[in-house]
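The structure under discussion appears below in the form of C-alpha cells.
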Amino acid sequence: VAGDGTGQASVSPTTVDSNQLFDLTLQFSTSDDYELTQIEVELPQEFNWSQNSGDVVLSGAAFSTASVTVSQNTITIENALLTTAQSGQLEIQNVQAPAAEGTYPIVVKTATSGGKLTPISIFPSISVQKKLTIADIQNNVSQYEGQQVTIEAVVSIGVNITRTDRCDAYVQDESGRGINLSDFSTDY
C-alpha cells in the first residue's frame with residue numbers, strides 16, 4: 001500500500017555508556033502526505049528493559065488516541081495519526097545498554113490504515129561506548145595516547161591547598177585514581 005514504510009524516526013540519546021540505565025526517546029514525524037496509523041519499534045535484543053507497557057509513554061498530537069502493545073522487545077502503536085502536521089513521541093523508561101560496544105539500529109516500521117507494517121528507509125541507532133575510568137586510561141596509556149577520551153569525575157582540591165601563590169587541583173573518579181589538572185606556582 002502506498003505510504004507504508006514512510007516517515008522518519010530519531011532517537012535520544014544517540015550515545016550511551018555500556019551497561020548504562022537510561023530512558024530512550026523516539027521522535028516520529030513525516031514529510032509525506034500519508035496518514036500513518038501504525039508504528040512498530042523493535043529494540044535491539046542486546047538492550048534490556050522490563051518489556052512492560054507500564055514503562056512506555058506516548059505523547060504528542062499523533063498519539064493522542066493511540067494504544068500500545070508490547071511483545072518482548074517489540075512495541076506496537078495502533079490508532080495513531082502521524083501526519084505532516086502531527087508528530088509523536090515514544091519514551092521507553094529504564095532501558096539498560098548492553099556491555100558490548102557498538103552501534104545498534106532500532107528497527108522502525110510504519111503503515112497507513114489497512115496497510116502492512118513496512119520498514120522505514122533509515123533506522124535510528126544508538127552507539128554504546130565503554131565508560132572509561134581514570135585507572136583504565138592510566139593502566140593502558142599506549143592504547144589511548146593521542147586520543148580524546150571522556151571521563152566522569154569530580155574536581156578535588158585539598159584543604160588549605162588553594163592559596164594566592166599555588167593551587168593544586170585534581171579530577172578523581174570512582175576508580176580512586178586522579179589526574180592533576182594544575183600545579184600552578186609563582187615560584188619558577
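The values are calculated or read from the model by the stated rules, or taken from the named source; none is laboratory data. Bear in mind the structure is a predicted one, so any value in this text is a computation, not a measurement. Every residue, glycine as well, gets a Cβ built from its backbone with ideal geometry; the counts of neighbours run over all protein chains shown. Accessible surface is based on the protein model in full, side chains and every heavy atom, while ligands, DNA and RNA are left aside. Shrake-Rupley method; radii C 1.70, N 1.55, O 1.52, S 1.80 Å.
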Q: Answer yes or no: is there a residue in the stretch 61-80 that is within 17 Å of the chain's Cα centre (by Cα), open to solvent by 50 Å² or more (accessible area, probe 1.4 Å) and over 25 Å from N19 (Cβ atoms).
A: no
Exactly one of A153, A135 is open to solvent by less than 80 Å² (accessible area, probe 1.4 Å), modelled with pLDDT of 85 or more and aliphatic (A, V, I, L, M), and that residue is A135
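So, of the residues in the stretch 109-132 that are part of a strand (DSSP E or B) and more than 16 Å from the chain's Cα centre (by Cα), which turns out to be surrounded by the fewest Cβ atoms within 10 Å (Cβ to Cβ)?
Checking each candidate, the answer is P119.
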Filtering the stretch 1-60 down to residues that are assigned to a strand (DSSP E or B), closer than 21 Å to A80 by Cβ and of a type in the set (A, V, I, L, M, F, W, C) yields A9, V11, L24, L26, F28, L36, I39, V41, V56, V57, L58
Of (1) at pLDDT 80 or above; (2) open to solvent by less than 80 Å² (accessible area, probe 1.4 Å); (3) more than 22 Å from P98 (Cβ to Cβ), G158 fails just (1)
Filtering the stretch 67-98 down to residues that are among the hydroxyl-bearing types (S, T, Y), under 20 Å from E35 (Cβ atoms) and part of a strand (DSSP E or B) yields S67, T76
